[in-house]
Amino acid sequence: MDRPDAVLDDFDARPGSVTSLARTVLGAYVRDLGGWIAVADFTELLDLLGIPAPSTRTAITRLKSRGVLHAESRSGRAGYALTDAALAMFARGDPRIYGFRQMASDDPWRLLSYGIPESERAARHQLRRRLSAIGCGAVSAGLWIYPAYLAAEAAAIVTALNLDDYVTSFRATDLVVPGTLREAAAQWWDLDDLAAKHRTFYEKHRKILDLDDISDRNAFAHFTLMLDEWRIIPYLDPGLPDKMLPADWPGPAGVQLFAEAQRRYLEPSRQWVRASIDETGIR
């Protein structure tokens, strides 16, 4: 059965983990197949990413418990289908992952204020965690700031946690802060950690564009590992305007690298998966 809070599951799996890689394959390729895959085929796809079969089975169990997959046999083959909630979750993630959003200097902001009673302490903790995970900045204990284009995502989190009665949001166009906007941004977001993630991603994957005559099969393996590491960065990075970022901000290099790798390798990878999976499995 679909879980109504599957929207919250976008951020639970650590990139590079077996569950994260399994989710990346589901979102990038299994949806493209119609949302269902045989167990044997899924196991072989993950094997190409260096994941042994027992670990794949463990990941499937976790994804079932989180409402991402449900068991379904077709034509006598055991398999799994994406739930409706998971399909909606992946669809929400596509604009983030495949189309990095960058604020202009005059784009509007959204402020979110809350006063949540102690009886809802667990939900309050989850709200803080989830707002941070989609790129919101903490101005103070009960006040958060984010680009206006994240308003729908923030509202969905509030609703999923049943906290609408405690939350008020405002649209803002002017920020007046002590000191400079760069200093304020460094307090509201963990820019050092985010910069480190950008640099690590770029250094780890920049050679992917140097691969010559790469087969579609190898494109799948290389690009999927890259995609799995990238997918969390556009969530954590709200796309702040240049005037709020350090002069040596590394974000654009990673954005451009991923965009070019996506242009070259995503569709060939999907074509290989489509061509390789039929009634008899991966050839």
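Numbers at a glance
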quantity: Relative contact order of the chain, defined on C-alpha pairs under 8 angstrom at six or more residues apart (%); calculated: 24
quantity: Between region 198-268 and region 136-169, the alpha-carbon center distance in angstrom; calculated: 28
quantity: Cα-based convex hull, region 189-269, per residue volume (Å³, whole number); calculated: 86
quantity: Hydrodynamic radius of the chain per Kirkwood, over alpha carbon pairs, in Å; calculated: 20.3
quantity: Peptide ranges 264-273, 228-237 listed from the most packed, as the mean C-beta count within 10 angstrom indicates; calculated: 228-237, 264-273
quantity: Segments 248-261, 104-117 sorted - mean Cβ within 10 Å per residue, highest first; calculated: 248-261, 104-117
quantity: Region 109-172: translational diffusion in µm²/s, Stokes-Einstein, Kirkwood Rh over Cα pairs, 10 °C, 1.306 mPa s; calculated: 139
quantity: Sorted peptide list for 216-226, 121-131, 62-72, criterion being average Cβ within 10 angstrom, highest first; calculated: 216-226, 62-72, 121-131
quantity: With eigenvalues of the C-alpha gyration tensor scaled by 5 and rooted, region 6-97, Å; calculated: 19, 16, 12
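We did not get these values from a lab; they are worked out from the coordinates using the rules stated. Please read all numbers here as calculations on a predicted model, not as lab measurements. Every residue, glycine as well, gets a Cβ built from its backbone with ideal geometry; the counts of neighbours run over all protein chains shown.
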